[in-house]
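The structure under discussion appears below in the form of structure tokens.
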Amino acid sequence: MRRFSTSTSVSVRRDSDLFFIPDFQDSTSPSTTSPDMWLTGEQASVLTSGEVEWKLQSNLREGLSWKEAENRRNILGPNEFIVKEEDPIWKKYIEQFKNPLILLLLASALVSVLMKQVDDAISITVAIIIVVTVAFIQEWRSEQSLQELTKLVPPSCTW
């Protein structure tokens, strides 16, 4: 989780991809939010860093005061990534059957059943199950490896 520090100048609201623009006042007056104090990522990408700094009413050298960071955290909540809930494991397995080659093999197994060649249909079905299971296991292992790598290098924002 990325925490505010004195060098942090932008708080990101992940659910709407908007940047919060604080009302830069002295440290005794509270922050306010108004519609002109938001900047989308698309808008920010076409501006220079100086223009973004001015629009966000921020300071790239000094960052935020602890009080201003606390005010933003109170208004927007913690500066964290929203993680999408994973699909259940059975759903990931079923998605393996959406492969066009697998669908073609399933159709050929169905044709074999309709032509009363049950031995062929069974062998094709067993081959499909083996291929899908191996592909599923490989994909699952690669996802697990990616999650472990993500834990080693947490996401961060750099300028």
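The values are calculated or read from the model by the stated rules, or taken from the named source; none is laboratory data. Since we're looking at a predicted model, the values are computed, not measured. All Cβ positions, even for glycine, are placed from backbone atoms using ideal geometry, and neighbour counts span all protein chains on display. All accessible areas refer to the heavy atoms of the entire protein, side chains included, with ligands and DNA or RNA removed. Shrake-Rupley method; radii C 1.70, N 1.55, O 1.52, S 1.80 Å.
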Hey, can you find the accessible area per residue of segment 45-143 for me, probe 1.4 Å, expressed in square angstrom? 75
Pairwise FRET efficiency - Glu143 versus Gln43, Cβ, R0 = 41 Å, nearest 0.05: 0.75
Computing the accessible area with a 1.4 Å probe over protein heavy atoms, can you report the carbon and sulfur percentage for segment 40-146? 63
Find, among the trypsin sites (Lys or Arg not before Pro) in segment 42-102, those assigned to loop by DSSP (not H, G, I, E, B) with at most 16 other beta-carbon atoms within 10 angstrom. Arg61, Lys84
Heavy-atom accessible area with a 1.4 angstrom probe orders Leu101, Leu152, Leu39, most exposed first, as Leu152, Leu101, Leu39
Where in segment 119-147 does the label zone of Val113 land, with the point 7 angstrom along Cα→C-beta and an amide N cut-off under 19 Å? 119-133
